[in-house]
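Asks: Below: one structure in structure tokens.
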Amino acid sequence: MSSGGPKVLDDLSRLAGGALGAVGGLRSEIEELVRQRVERVANELDLVTREDFEIAREMAAEARAENEVLTARLAVLEEQVADLTKAAAGGGTKASTGAKTARRKTGSGGKAASGGDAGSDSGSE
């Protein structure tokens, strides 16, 4: 009986080793099936990759910064329009008086009313 003991232990050891090998193979097979299933579900949900997400995130940050700049510019322009509207409602301002003076100086043809010296310079060339 003592000679049969080690043989039984060897057989049990081989059997356990084979079972562990089968379990290991089964484990990798199950992992592969789970991976495929997760990928299928991810594709059905139309999920994006991390790289695409980071690109979109960067674009959103740039758009947000540009929006802030444009909002500030718009506020300045709205303030200028409000000032001009108040000035127009309150009567003539320096800006509108200056424009009227400039129109009077240029005359109706758009040429400067300086006496026509420009025509005499062209003949001397």
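The values are calculated or read from the model by the stated rules, or taken from the named source; none is laboratory data. Fair warning: this is a prediction, and the values are worked out from it, not measured in the lab. We place every Cβ from the backbone using ideal geometry, glycine too, and count neighbours over all the protein chains shown.
Asks: Report, by residue number, each residue of the stretch 3-22 that is among the β-branched types (Val, Ile, Thr) and at pLDDT below 80. It would help to see each step written out before you state the result.
Replies: Step one: filter the stretch 3-22 for residues among the β-branched types (Val, Ile, Thr), giving 8.
Of everything in the stretch 3-22, nothing turns out to be among the β-branched types (Val, Ile, Thr) and at pLDDT below 80.
Asks: How do the pairs read when you match residues in the stretch 49-61 that are outside the structural domain of Val38 (by TED's automatic domain parsing) and modelled with pLDDT of 95 or more with residues anywhere that are surrounded by 10 or more Cβ atoms within 10 Å (Cβ to Cβ) and not basic (Lys, Arg), using Cβ under 9 Å and keeping only pairs 6 or more apart or on different chains?
Replies: Ala56/Val48
Asks: Enumerate the pairs (first residue in the stretch 77-90 and surrounded by 10 or more Cβ atoms within 10 Å (Cβ to Cβ); second residue anywhere and not aliphatic (A, V, I, L, M)) with beta-carbon separation below 6 Å, excluding pairs fewer than 6 apart on the same chain, so at least 6 apart or on different chains.
Replies: Hits for this filter: Ala87/Thr93.
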